[in-house]
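Let me begin by presenting the structure, written as structure tokens, before commenting on it.
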Amino acid sequence: MRPDVYYIVASVELGNTTTKCILTATNLNTSRTYLLDETVKMTRDIRPPKEGEEVFGKTVWGVELTKESVSELVRDTIHESLRRAKVDIEKDLDFVVRSTGVTAGFGSPEEVGKLIIALADGCLAAGIPPRKMAPALSIENIPKRLRDFSYLDRVIFDGAVASVIPPTGREVVANEMEGELVTAGIKVGSKWTTVDYRNPCVSLDFGTTLAGRIVNSDEPYARTIGNFCGLAGAISDAIIRGTEMVDCRGGAALDLYKKSVLKGANWKKARKHAEMIHDEIIDIRKVPVNRKRFGTVPVDTEAAYSAGTTLIGCDAGKNGDKLQKLTEVGHDIYQEDGIHTLFATLDHVSALIVKRLIDEAFDEGVIEEGSVLGVTGRAGITGTKPKLILENVGDRFKDCIFVSDALALGAAVMARCMNSMGTPHTPLGGRQNGPCILGMRRKLQSKKEDKWIE
């Protein structure tokens, strides 16, 4: 047995509701990932723009962002996380992966580009060297202690993460990277369970916005044949603002959530409230061909459908125009039945969103038989949501798994894939119950062609 070596990765995430730096350490012998630190800031607390700064975009809730303000928030969050975990940038930290879900509220690729630059600037301002944010070009560029675990001299990084390739050359939903990372993250999270969450699989990320993928069982690289997009936690946040106990613009359900909040809830009433909300406000369907946005999230339906990728979205009205109506409904429920039943309503609302998304996907025929469902995100795994989700869709899948912070776990996988650090004896990629795909990848990449992935 080789001695255990740990690969330490920082996942820097700028979200609509929270901004995080999550440090993980992956045992390269077992492929198990451990949480070192999770530092969370509320994105709404980002400083307002200073005179002369250009506002290049806003969050879903209208919080204005500048390159400088984003960079400062990211820098401070990274510093706090590293300090708390006692991780040294030069000696301990191996890689940094940046991601954002805020792109959902943006209007153009240029705005998204400015945000990506601001994230990178924040990492550089925190003292992260550029080499720790880009894949190694050869095995010699990898630290000596990690070289025994890298297969970079046999296979190169060709864009596939945990054996799944994106839908097309063009991004079909603005938060495509989130879907990619959470799918990989749920795979690594499953290593702590008896569930084999490999292909075919379905992932759902219930952050403020909805992300996720439907993946088939092709080998060596599975294809993304479905994408989820639209609103998720934003629906719960809009309802909770009706209590007037949270900020009317940036307030979130997690501001009030605690384990005891469901004690004394009237679950029958909560179910009825949730059904009414779904009947009157929440729109879940295959995204129509002519739509440029669904649930505020920019989508490219032409690219998706020409590539054979189905887009399934969740909205409140049209592009969130009924979010205010949700706040009014939340106010009425709170006044009549109290905070406990209101939170129980949120659990039912989320569970019914999952049910309708999955029903739509099955109706479209894009979920393969034997698929495993993975759920992550605050609006999908807190309270009694896992129990209610299992009651609604558990019988439609071979297995279901709920994973906390799958985005950060996926960042650790992305970092390893970029540097060809696999664990062939306990693979993340390939089919359920199948072997590692290293041999198939080598065979594919040995072809003298310009590209291996069609």
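None of the figures in this text is laboratory data; all of them are computed from the coordinates on show. Computed from a predicted model, the values in this text were never measured in an experiment. FYI the Cβ positions are ideal-geometry reconstructions off the backbone, even for glycines, and counts take in every protein chain you see.
Things worth noting here:
- Based on the reciprocal of the average 1/r between different C-alpha atoms, the Kirkwood radius for the chain equals 22.3 Å.
- Centroid-to-centroid separation of region 306-376 and region 382-454 [C-alpha atoms, Å]: 25
- Ordering S420, C21, C201 by the projection of their Cα atoms onto the charge dipole of the chain, which places +1 on the Cβ of Lys and Arg and -1 on the Cβ of Asp and Glu, puts S420 at the extreme positive end.
- Proximal lysines relative to K325, as straight alpha-carbon distance under 21 Å, when same-chain residues fewer than 8 apart are discounted: K269, K272
- Rounded to the nearest 10 degrees, the angle from helix 406-418 to the longest Cα principal axis of the chain is 20 degrees.
- Restricting the calculation to Cα atoms, region 165-407 yields a radius of gyration followed by a Dmax of 17.2, 55 Å.
- Range in the chain, longest, excluding exposed trypsin sites (Lys or Arg not before Pro) [loop by DSSP; at most 13 other beta-carbon atoms within 10 Å]: 319-446
- Rg over Rh, two decimals, region 31-172 (C-alpha only, Kirkwood Rh): 1.00
- Relative to the dominant Cα principal axis of the chain, helix 176-189 is inclined by about 70°.
- Dipole magnitude of region 165-407 about its Cα centre (Cβ charges: Lys, Arg +1; Asp, Glu -1), debye to nearest 20: 420
- Taking the charge dipole of the chain about its Cα centre, with +1 at Lys and Arg Cβ atoms and -1 at Asp and Glu Cβ atoms, the residue from T327, A184, F294 reaching farthest to the positive side is A184.
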